[in-house]
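S.K.: For reference, the structure I am asking about is given below.
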Amino acid sequence: MHYLPLWRKSAMPRPRPSIIIPTGSGQSTWYYQPYVDAVQKAGGIPRLTSPDLDEEALEALASRMDGLLLAGGGDVDPCLYGQAPHPALGRVDRARDDLELALARLALRRGLPILGICRGIQVLNVATGGTLYQDLPSERPGSLQHGCSQFPADHIAHEVTLEPGSLLARTMGREALPVNSRHHQGVDRLGEGWRAVAHAPDGLVEAMEAPGHPFALGVQWHPESLIGLPEHGLRLFAAFVRACGAP
């Protein structure tokens, strides 16, 4: 039997990291295609996961997870952060909430890379005891129009200011970034362990990260829709997938 010399073994390419992307109940996978495409272009293997998992299946999934991507979507159930539903609350999916909260807490505890996008930043905040604005237009009068869903997904809505020296600013290589915007909820009180690292012109938190964690970042905009702009989406996804173990 012939064995490869050690130097040949060490030169073998590492496997592409497995990125878990939880989905909604009964939701078509087409909605997640931009996230799937972005992860693949950045060198990862995206794995869509439905919320219908028992505890044993959840543990098995987590054991094979190199990173967690929390995608955009509907509103988080306000009872999960101690509030009654606002009249403007949109559709909630409690099964998806429960799965994403469980995976977020597990990934934070194990130091696994996490990227939360739009709804995803809100889930990360709630997972650590933070609260949300349930409806920005009514709860923050005078705010920017953040829910720009009448425009194409790559429409630039406003600029965000990044905290100098933050993981996000280092990743993007700049301290101001034009972004798209498709949400009516947002981060209110920060959860434990997070710090705000980007703000909209109206002061709304647009990104947060967890100091001391290898890569835990949430952004309120949609970088998966800006993947064609190298200074935007792909740069962020590439940094995330590298943190997950991509060569």
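The values are calculated or read from the model by the stated rules, or taken from the named source; none is laboratory data. Small disclaimer: the values here were computed from a predicted structure and weren't measured. Glycine gets a Cβ as well: all are built from the backbone with ideal geometry, and neighbour counts include every protein chain shown.
S.K.: Report, by residue number, each residue of the range 192-240 that is part of a strand (DSSP E or B), of a type in the set (D, E, K, R) and surrounded by fewer than 22 Cβ atoms within 10 Å (Cβ to Cβ). It would help to see each step written out before you state the result.
M.R.: Kept after step one, since they are part of a strand (DSSP E or B), are these residues of the range 192-240: 195-199, 205-209, 216-219.
Pick out the ones that are also of a type in the set (D, E, K, R) and you get 195, 206, 209.
R195, the sole residue that qualifies.
S.K.: Return the residue satisfying two criteria in turn: it lies in the range 39-77 and is free of Cβ contacts under 8 Å to residues at least 40 places away in the same chain and of a type in the set (S, T, N, Q), and of such residues it is nearest to G228 (Cα to Cα). Full working, then the answer.
M.R.: Taking the range 39-77 as the starting set, the residues that turn out to be free of Cβ contacts under 8 Å to residues at least 40 places away in the same chain are 40, 45-48, 50, 54-57, 59-60, 63, 77.
Add one more test, that the residue is of a type in the set (S, T, N, Q), and what stays is 40, 50, 63.
Working: Q40: 14, S50: 28, S63: 33 Å.
Here the residue is Q40.
S.K.: Looking only at residues that are of a type in the set (G, A, S) and assigned to a loop (DSSP other than H, G, I, E, B) in the range 107-156, which one is surrounded by the most Cβ atoms within 10 Å (Cβ to Cβ)? Step through it out loud before you land on a result.
M.R.: Restricting attention to the range 107-156, the residues satisfying the condition of being of a type in the set (G, A, S) are 107, 111, 116, 120, 127, 129-130, 138, 142-143, 147, 149, 153.
Still in the running and assigned to a loop (DSSP other than H, G, I, E, B): 111, 129-130, 142-143, 149, 153.
Values: G111: 13, G129: 14, G130: 21, G142: 6, S143: 17, S149: 11, A153: 13.
Per the criteria, the residue is G130.
S.K.: Can you tell me which residue in the range 64-96 is nearest to the chain's Cα centre (by Cα), limited to those that are over 21 Å from L106 (Cβ atoms) and of a type in the set (D, E, K, R)?
M.R.: Taking the candidates together, the pick is D75.
S.K.: Go through the range 66-91 and report how many residues are closer than 15 Å to L101 by Cα and either basic (K, R) or in contact with a Leu (Cβ under 8 Å, 6 or more places away or on another chain) (or both).
M.R.: Residues in the range 66-91 being closer than 15 Å to L101 by Cα and either basic (K, R) or in contact with a Leu (Cβ under 8 Å, 6 or more places away or on another chain) (or both): 9 in total.
S.K.: For the range 47-86, give me the residue count where each residue is within 30 Å of L136 (Cβ to Cβ) and outside any helix (DSSP H, G or I). Walk me through it before giving the result.
M.R.: First pass over the range 47-86, keeping only residues within 30 Å of L136 (Cβ to Cβ): 48-51, 67-86.
From the residues that got through so far, the ones that are outside any helix (DSSP H, G or I) too are 48-51, 67-77, 82-86.
Number of matching residues: 20.
S.K.: Kindly evaluate L80 against the criterion of being of a type outside the set (S, T, N, Q), surrounded by 15 or more Cβ atoms within 10 Å (Cβ to Cβ), in contact (Cβ under 8 Å) with a residue 40 or more places away in the chain and over 21 Å from L204 (Cβ atoms). First the steps, then the outcome.
M.R.: Details: of a type outside the set (S, T, N, Q): yes; surrounded by 15 or more Cβ atoms within 10 Å (Cβ to Cβ): yes; in contact (Cβ under 8 Å) with a residue 40 or more places away in the chain: yes; over 21 Å from L204 (Cβ atoms): no.
Here the answer is no, as L80 does not meet what is asked.
S.K.: Looking only at the range 172-187, decide whether some residue is touching a Lys or Arg at 6+ places or on another chain (Cβ under 7 Å), surrounded by fewer than 22 Cβ atoms within 10 Å (Cβ to Cβ) and in a loop (DSSP other than H, G, I, E, B).
M.R.: No, the conditions are met nowhere in the range 172-187.
S.K.: Name the pairs: first residue in the range 161-185 and closer than 11 Å to A198 by Cα, second residue in a helix (DSSP H, G or I), Cβ to Cβ under 7 Å, at least 6 apart or on different chains?
M.R.: Sorted first by the residue in the range 161-185, then by its partner, the pairs are L162/L168; L162/A169; L162/M172; E163/A169; E175/A169.
S.K.: Filtering the range 1-25 down to residues that are surrounded by fewer than 18 Cβ atoms within 10 Å (Cβ to Cβ) and small (G, A, S), which residue is modelled with the highest pLDDT? Break it down stepwise before answering.
M.R.: The initial filter retains those residues of the range 1-25 that are surrounded by fewer than 18 Cβ atoms within 10 Å (Cβ to Cβ), namely 1-15, 18, 25.
Those still in the list that are small (G, A, S) too: 10-11, 18, 25.
Numbers: S10: 48, A11: 52, S18: 96, S25: 89.
Per the stated criteria, the residue is S18.
S.K.: Test of understanding: among D135, D154, which residue is charged (D, E, K, R), over 16 Å from the mean Cα position of the chain (by Cα) and within 27 Å of G228 (Cβ to Cβ)?
M.R.: On the way: D135 fails: within 27 Å of G228 (Cβ to Cβ).
Result of the check over D135, D154: D154.
S.K.: Looking at (1) touching a residue at least 12 places away in the same chain (Cβ under 8 Å); (2) of a type outside the set (A, V, I, L, M); (3) more than 23 Å from A210 (Cβ to Cβ), which is the only condition P113 fails?
M.R.: Every condition holds for P113 apart from (3).
S.K.: Does A84 satisfy the condition of being within 24 Å of P34 (Cβ to Cβ), modelled with pLDDT of 95 or more and small (G, A, S)? If you could, list the steps in order and put the result at the bottom.
M.R.: Working: within 24 Å of P34 (Cβ to Cβ): no; modelled with pLDDT of 95 or more: yes; small (G, A, S): yes.
The answer is no for A84.
S.K.: Being in contact with a helix residue (DSSP H, G or I) (Cβ under 8 Å, 6 or more places away or on another chain) and either among the hydrophobic types (A, V, I, L, M, F, W, C) or more than 19 Å from L236 (Cα to Cα) (or both) is the filter here; which residues of the range 38-60 pass it? Reasoning before the result, please.
M.R.: Initially, the range 38-60 is screened for residues in contact with a helix residue (DSSP H, G or I) (Cβ under 8 Å, 6 or more places away or on another chain), giving 38-39, 41-46, 48-49, 51-53, 58.
A38, V39, A42, I45, L48, T49, P51, D52, L53, L58, listed by residue number.
S.K.: Could you grab me the full set of residues in the range 26-40 that are at pLDDT below 95 and either surrounded by 13 or more Cβ atoms within 10 Å (Cβ to Cβ) or not in a loop (DSSP other than H, G, I, E, B) (or both)?
M.R.: Residues of the range 26-40 at pLDDT below 95: 26-31.
Q27, T29, W30, Y31 - these are the residues of the range 26-40 that are at pLDDT below 95 and either surrounded by 13 or more Cβ atoms within 10 Å (Cβ to Cβ) or not in a loop (DSSP other than H, G, I, E, B) (or both).
S.K.: Taking A102 and the conditions (1) under 14 Å from V126 (Cβ atoms); (2) modelled with pLDDT of 95 or more, which numbered condition does it fall short on, given that it satisfies the others?
M.R.: Of everything listed in (1) under 14 Å from V126 (Cβ atoms); (2) modelled with pLDDT of 95 or more, A102 misses just condition (2).
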